Structures are given as C-alpha cells and as structure tokens.
1. Got a sec? Charge dipole of segment 2-109, +1 on Cβ for Lys and Arg, -1 for Asp and Glu; which of Gly76, Pro19, Tyr45 is way out at the positive end?
2. Taking the Cα centre of the chain as origin, work out the dipole magnitude from +1 charges on Lys and Arg Cβ and -1 charges on Asp and Glu Cβ, in debye rounded to 20.
3. Treat each spin label as a single point 7 Å out from the Cα along the C-beta direction, and report the Tyr45 to Leu371 distance in nm.
4. Of Gln231, Gly100, Gln124, which is farthest along the charge dipole of the chain in the positive direction, counting Lys and Arg as +1 and Asp and Glu as -1 at C-beta?
5. Explain nothing, just compute: Karplus ³J(HN,Hα) = 6.51 cos²θ - 1.76 cosθ + 1.60, θ = phi - 60°, for every residue of segment 268-276 in order, whole Hz, x for Gly and Pro.
6. If the elastic network links every pair of Cα atoms under 10 Å, which of Ala174, Ala209, Ala333 fluctuates the most in the Gaussian network model of the chain?
7. Starting from the 7 Å offset along Cα-to-Cβ, what nm value, one decimal, do you get for the label separation of Thr381 and Glu185?
8. So, counting K/R as plus one and D/E as minus one, what does the shell of residues with Cβ under 14 Å around Thr252 add up to?
Amino acid sequence: MLPLTDRMRTEVAIIGAGPAGLLLSHLLALEGIESVVVETRSREYVESRIRAGILESSTVALLEAAGVGERLRAVGEEHCGIYLQWPGERHHLDFLGLAGRTVWMYGQTELTRDLGRARDAAGQRFYYGVSATAVHDLHSDRPYVTFQAFDGREVRLDADVIAGCDGAHGPSRAAVPVTARQVWERTYPYSWLGILADAAPSTDHLIYAWHPDGFALHSMRSRTVSRLYLQVEPGTDIADWPDDRIWEALATRLGHGQDGWKLITGRITEKSVLPMRSYVMAPMRHGRLFLAGDAAHTVPPTGAKGLNLAAADVALLARALTAMLREHDSRLADAYSDTALRRVWRSTHFSWWMTTMMHSTGDPFDAQLQLTQLDWVANSTAGATGLAENYTGPPSARAEPWSRPDDTPAFGRVALPRLTCSP
Ligand SMILES: Cc1cc2nc3c(=O)[nH]c(=O)nc-3n(C[C@H](O)[C@H](O)[C@H](O)COP(=O)(O)OP(=O)(O)OC[C@H]3O[C@@H](n4cnc5c(N)ncnc54)[C@H](O)[C@@H]3O)c2cc1C
C-alpha cells in the first residue's frame, strides 16, 4: 500500500472497492484518468465475499475489452441456458437459440481479484480499512471526501468528481438530500438461505425450481463447488437450518429421484441468509457525486442482475467522466442518470418478475397462476424468448445500452425444449 498523506488530490475519488468501484477505476485509467479508491473493509474480506456468479455476455465483452477477461475465459464457464422446473417437470431454455446470447458463470470473488490485480499492476492508489467516510461540497467543482485511515489519521481527498460505489449501506446514497431524490422500493415476504458446498454440480446449467415448500436454485462456482439456495422465511435464524435439513429441503424441492436425477451433496463451507428487496433511487447523480451499482439500486438475486447492472453503470460513467474531464463536454454526464436508469428499470422488472413467478406464497390461487405462467414460459417460444432475452441482458453498455449490433440474431429461432445447447 502507498504511504498516506493527510491531504491528497485526485481526479475521481471512488468510494467502495466492490465490483463497481474497481471496474470504474480500471476503465478510467484506460482513458488516462487518475482515481483513488477508499474502502471500509480489508482487501481480503472484499475478495472473499461470496455473492454473485452470473455474468451477462455484455459484461463479459466489457471485461475483455478492458483487458481483464483472460482468467474469466480460462476458468469461467459459458452457459447457454437454464432449467425451469416444477414438480414432475423440468424444461431447458436455450438462450443461444432464443436470444443469440449466453451468460458466464464466474464468481464475484474471482472478478474482484482480477480487477484488484489489474489495478495493482497499474499502480492504483487504494485505501482499505478506512472509517467515517463522508462526502463534502458536492455542488462545487472541488468536492472532497474525508475518511479516517486504518492507522487513525484523518485524511481529506480532493477531487473533480466523486463516484459513490459504496453499495446499499454506504454514505453516498445517504448524502443525496431526501428532497432531491425519488425512491421506489419493495420488500419481499421471503428470504434466501444460500450455501456454498464442496460438491460437484449435479447439473450442467442452473436449475430454477418452483415447489410448494418454496423456491430452490441449483447454481455452481466450479466443477467441484456448488452454490445452492432455498426460499426461507424473512428473519430466519441460520441455527435453525443444520446441514442435514438444508440438503433434505434441497433434495425435495429440486426433485431428487425425479426421472433418475440425483442431487450430489458435500461439505457445506458457507451459509448465509439474504433478504429479498428491490430498490431504485433517482437521479443517480447529485452535483459532482455520481452513484453506480448497488449504491443506487438493489434487485433480488433471482434474475442475477446486481453485478451486471453495476458493470453497465460504470461503463456509462467512465465514458461520461472522460468526456467531462478531458473534453470539457458534460452532455454524457448530464444524461448519465437517465441513460443508466433505463437498463436499471428493465432489470428491476425482470428480477421482480422472476421472483414473483418462482417463490411460493402459500396462497393456492397464487400457486395456480405461477404454474400456468411457468408452463407458458417453458412451452411457448414467445414466453421463453422473453425470459432468455432479459436473463442474458441487452447488448453491450459501453456505447449505448440499447443499440442492437447488426449481428444480433433474430429472437425465437429455436423450438423448445432441447436438453443441451452447446455452442
Ligand atoms: C449479501 C449479498 C449477497 C448477494 N448475493 C448475490 C447472489 O447470490 N447473486 C447475485 O446475482 N447477486 C448477489 N448480490 C448482488 C451483487 O453482489 C451486487 O449487486 C454487487 O456486489 C454490486 O456491486 P457494487 O460494487 O455496486 O456494490 P458492493 O459489492 O456492495 O460494493 C460496495 C463496496 O463499498 C464498500 N463501502 C460501504 N460503505 C463504505 C464506506 N462508508 N466507505 C468506503 N467503502 C464503503 C463496501 O464494503 C463494499 O466493498 C448479493 C448482494 C449482497 C449484498
């Protein structure tokens, strides 16, 4: 780590070393723009925090274009579909055939490490283990951040712009006055119990399972590590879920024994309960403070969108700040919030739709509506295409998130169901 001074200056002060903050510092550096990243947690903690694992193809393209896609291509896994299931039925949705795009399985931990290493190689200044982070003078052209460094020294970081990439509980979101923002939110009446297990995946693609006992998801992190989730009551105490109970519930909900399919179990290495929430704040800018990623919006993880939205935001923001700081052209910066929010709302709707379709409410009427919806999605090309198009995400965010490259195939070309879709 570089030595601290009590007063520093940079072009862009970035709060938060999650995926949004690290990727933004990397993209800005590619444009020759200097930044400093400050983070409350230790680097080890940030790099081992188990969270997202699905990357849209546009996120993969962005990472590759930015020179940080090599390990992803080497050890990540391309998935060209998912399974949707409910008791007695399992259907494969072929994303490649339906939407012309795929997703990649690559853990947020791995991505964070890749970005950290790339920033190290470029001599990035970052400060882990800080506290009392605060933002100041947001309406001047010399805003600044103050924080207490890990050694107790008070530091002032002057900048041209501050990027709030500090997630849902950081100070950036809270720095926007209540009178200057609009908030939309939804808290869902269920949570997820997520586990990481030393168990080979029992499936080639993710399984999204509706079950009257509650939703279950079979995901994976590698050939030897599985990531699985169970719908549980909000406020669930993890102590009430010993390992045997978790495996039993997963086996029931995922259909162990159905058509000979078997759930492979193993040692559980991590367990946590995740509340389910949708949140959007607008605008994503307040004076010289720009918000990106979870600092501005939260989606329930059912649609696998949180990390991808963070990447899409900072792709737009890096371009906007480059034009603003290098060319003195603030048009992209002025349009940043509206442009980013179009994608945010599409993903917010999709995440809400997947969540409400897949989670049991205990109401028999809801259950019948969910089952007929699942049947339609799985068995109609129109329904399946809608899911595939949203799950794999709109094309690249680097230029204009809604522009369709000429080579994007037409939707709905492939009949369902197909059991494999290897490209
Ligand atoms: C518990 C949890 C589990 C998740 N699981 C999944 C999942 O299974 N699948 C999925 O698709 N998505 C999941 N997500 C969503 C996904 O991980 C996020 O959307 C993604 O991390 C967003 O990246 P970000 O950089 O915007 O925010 P974050 O990753 O939250 O990074 C923000 C950073 O800011 C730092 N910070 C906070 N306050 C301060 C401060 N005062 N000063 C300095 N730094 C600060 C934080 O320590 C953090 O490192 C999960 C999210 C959470 C919170």
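1. Tyr45
2. 340
3. Computed distance between label sites Tyr45 and Leu371 equals 4.7 nm.
4. Farthest towards the positive end: Gln124.
5. 7, 9, 7, 9, 7, 10, 10, x, 10
6. So, out of Ala174, Ala209, Ala333, the one fluctuating most is Ala174.
7. According to this spin-label approximation, the distance is 4.4 nm.
8. Computed value for this residue: 0.
None of the figures in this text is laboratory data; all of them are computed from the coordinates on show. Just so we're clear, the structure is a prediction, and the values are computed from it rather than from any experiment. Backbone-built Cβ (ideal geometry, glycine too); neighbour counts: all protein chains shown.
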